[in-house]
1. How about segment 131-171: which trypsin sites (Lys or Arg not before Pro) there lie in a loop by DSSP and see at most 14 other Cβ atoms within 10 Å?
2. Output the direction-averaged projected area (hull surface divided by four) of the convex hull of the alpha-carbon atoms of the chain, in nm².
3. Just add up the charged neighbours of Met255: K/R +1, D/E -1, any other residue whose Cβ is under 11 Å from the Cβ of Met255.
4. If we count every other residue with Cβ under 11 angstrom of Leu234's Cβ, Lys/Arg +1 and Asp/Glu -1, where does the sum land?
5. Pop out the ³J(HN,Hα) list for segment 194-209 in order, Karplus 6.51 cos²θ - 1.76 cosθ + 1.60 with θ = phi - 60°, rounded to Hz; leave Gly and Pro as x.
6. Residue by residue, what Karplus-based ³J(HN,Hα) values in Hz, rounded to whole numbers, does segment 222-236 have, using 6.51, -1.76 and 1.60 with θ = phi - 60° and x for Gly and Pro?
7. How charged is the neighbourhood of Leu51? Take every other residue with its Cβ under 11 Å from the Cβ of Leu51, and add Lys/Arg as +1 and Asp/Glu as -1.
8. Give me the Debye-computed log₁₀ of I(q)/I(0) at q = 0.19, 0.26 Å⁻¹ for segment 159-237, equal point scatterers on Cα only, no solvent, two decimals.
Amino acid sequence: MRAAALAGWRILSAGGAALDAVEAAVRVLEDDPGFNAGRGSVLNRDGMVELDASIMEGDRLQCGAVAAVPRVANPITLARRILDAGRHILLVGEGALAFARSAGIAECDPAALVTDRQRRRHAERAARRSTIGGTVGAVALDRSGTIAAATSTGGTAGKAPGRVGDSALIGCGTYAESSVGGVSCTGDGEAIIRVVLGHRTLAYLKDAGDPEYAAKVAVDLLVEEGRGQGGLILLDWRGRTGYAYSTPLMPVAIMSPALGEPRTPF
Ligand code: ASP
């Protein structure tokens, strides 16, 4: 997480764009097999990896997303290319792979995304219900005042093939509006979708003007009305941060000009 925060920070401190910073941070986490994103993702019911990711910049509400994508090591970059192309927002499955090819993003061997740890967990989990955890996300504010947010996940372990969670859905797992803030969510995707958590969080932030408070109220909404567990990271237009979670653990790293190096509250 320190490496991810620094990857984003290097871009921001050189005057780069928030969108590039969140993509870079999420790529580091996708490449780390310890997280449920990119390589190391959880396996679906059939023992395959299918990835969801989304990215958004909050000035012009530009966004890109992919869902149920196999064979791509960095789905956040694929989502970014869709954003840059500007025509569509969400591409899924084989269509997303065809776009990847046209955008020069190489397909990887599906086995390269599967780690021994997840294969073992899949075998142990076979009879149990879906479980959550390990999704990655980033939000950033750059010097020109643009906010961007990004989220990437393998989804829920043991999910049905073709299942799409909140992380691929703008307004649910990811949202950014530069005049308000940016948010990335994790947790029970179905519950997050039910309450449109990302968008609702920014509505709370707009009303209350306090990211810590807005994060807490949004997680209460997820638990009470969404009937699920999860958490989120939040950044407002002034660069103030907030995060909250109802799960046992949600590691966070924060970096700002005031902090000499990334701070993790854990
Ligand atoms: N929200 C993700 C999903 O439902 C899972 C997670 O955050 O752990 O796909």
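1. Of the trypsin sites (Lys or Arg not before Pro), the ones in loops of segment 131-171 whose Cβ has at most 14 other Cβ atoms within 10 Å are Arg143.
2. Over all viewing directions, the chain projects a mean Cα-hull area of 12.7 nm².
3. Summing Lys and Arg as +1 and Asp and Glu as -1 gives +2.
4. Values: positive: Lys216, Arg240; negative: Asp210, Glu212, Asp236.
Residues near Leu234 contribute -1 overall.
5. Each residue of segment 194-209 in turn: 3, 9, 6, 4, x, 5, 5, 4, 5, 5, 5, 5, 4, 5, 8, x Hz.
6. Using θ = phi - 60°, the values come out as 4, 6, 7, 8, x, 6, x, 10, x, x, 7, 10, 9, 9, 9 Hz.
7. Neighbourhood net charge equals -1.
8. With no solvent term, the Cα-only Debye profile gives -0.66, -1.16.
Where a number appears in this text, it was derived from the coordinates with a stated rule and is not lab data. The structure presented is a predicted model; accordingly, all values stated were derived computationally and were not measured. No Cβ is skipped: glycine too gets one built from the backbone with ideal geometry, and neighbour counts run over all protein chains shown.
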